[in-house]
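J.: Provided herewith is a single structure, encoded as structure tokens, for subsequent inquiry.
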Amino acid sequence: MKSKKRWVLLPEKSPKIIPSELEKKIVQDFFQPFVESLKKQYVLKKPDKKSNYLVDVYSKWYQNYFYLCEKFKSECPSRIVDEYEEKFVRLTYTGKNLFDFSFLRHTGQWHVVATKLTMNECKKEISSNQVFHPIS
């Protein structure tokens, strides 16, 4: 039997809103004290070097995404790489002081938790739920 082909109208994708360098700096400066507190809380002074261990927590921008990242180090003789980075929270810039809040699932896919949050609401969401904290 011959399959029936149909035309389907797809909704138009909204254009990416790229923040200016000033807006990026404002967001980076806003989250820096919070990132420092996460670093103090999760980076151990004397880690167990038999397995991967957390050495840094930091933030960075990529296009219209603001990420909270963690850096791991390994000194195990059978290691594949010495250091690697994992992102654990992504804020998608959607407008002036508005973000879509996502976290990285175990499947490797970003899951959107909430949309149109302010920086304060994003910070509150991260600090109130352990799911959005670094893996130590």
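J.: Could you tell me how many of the residues in segment 67-81 are under 21 Å from residue 38 (Cα atoms) and without any contact (Cβ under 8 Å) to a residue 40 or more places away in the chain? So that I can check it myself, show each step before the final result.
T.: Quick first cut of segment 67-81, residues under 21 Å from residue 38 (Cα atoms) only: 67-74.
Those still in the list that are without any contact (Cβ under 8 Å) to a residue 40 or more places away in the chain too: 67, 69, 71-74.
Residues that pass the stated criteria total 6.
J.: Also: Could you list, ordered by first residue, the pairs with Cβ atoms under 8 Å in which the first is in segment 82-93 and surrounded by fewer than 18 Cβ atoms within 10 Å (Cβ to Cβ) and the second is assigned to a strand (DSSP E or B) and aromatic (Phe, Trp, Tyr), at least 6 apart or interchain?
T.: 83/72; 84/72; 85/72; 86/72; 87/67
J.: Residues to consider are 102, 51; find the one that is small (Gly, Ala, Ser) and in contact with a strand residue (DSSP E or B) (Cβ under 7 Å, 6 or more places away or on another chain).
T.: Among 102, 51, only 102 is small (Gly, Ala, Ser) and in contact with a strand residue (DSSP E or B) (Cβ under 7 Å, 6 or more places away or on another chain).
J.: Looking at segment 99-116, which of the residues that are touching a helix residue (DSSP H, G or I) at 6+ places or on another chain (Cβ under 9 Å) and without any contact (Cβ under 8 Å) to a residue 24 or more places away in the chain is surrounded by the fewest Cβ atoms within 10 Å (Cβ to Cβ)?
T.: 114
J.: Right, another one. Select from segment 11-32 the residues that are under 18 Å from the mean Cα position of the chain (by Cα), of a type outside the set (A, V, I, L, M, F, W, C) and either surrounded by 10 or more Cβ atoms within 10 Å (Cβ to Cβ) or not in a helix (DSSP H, G or I) (or both) and list them in ascending order.
T.: Matches in segment 11-32: 16, 19, 23, 24, 25, 28, 32.
J.: Then there's this: Could you please find all residues in segment 117-136 being among the polar types (S, T, N, Q), in contact with a strand residue (DSSP E or B) (Cβ under 9 Å, 6 or more places away or on another chain) and touching a residue at least 24 places away in the same chain (Cβ under 8 Å)?
T.: Within segment 117-136, 136 is the sole residue that qualifies.
J.: Taking the condition of being under 22 Å from residue 44 (Cβ atoms) and aromatic (Phe, Trp, Tyr), how many residues in segment 102-136 meet it?
T.: Residues meeting the conditions: 1.
J.: For segment 33-54: of the residues being modelled with pLDDT of 90 or more and farther than 18 Å from residue 125 by Cβ, which is surrounded by the fewest Cβ atoms within 10 Å (Cβ to Cβ)?
T.: My answer is 40.
The values are calculated or read from the model by the stated rules, or taken from the named source; none is laboratory data. Small disclaimer: the values here were computed from a predicted structure and weren't measured. Glycine also receives a Cβ, built like all others from the backbone with ideal geometry; neighbour counts cover every protein chain displayed.
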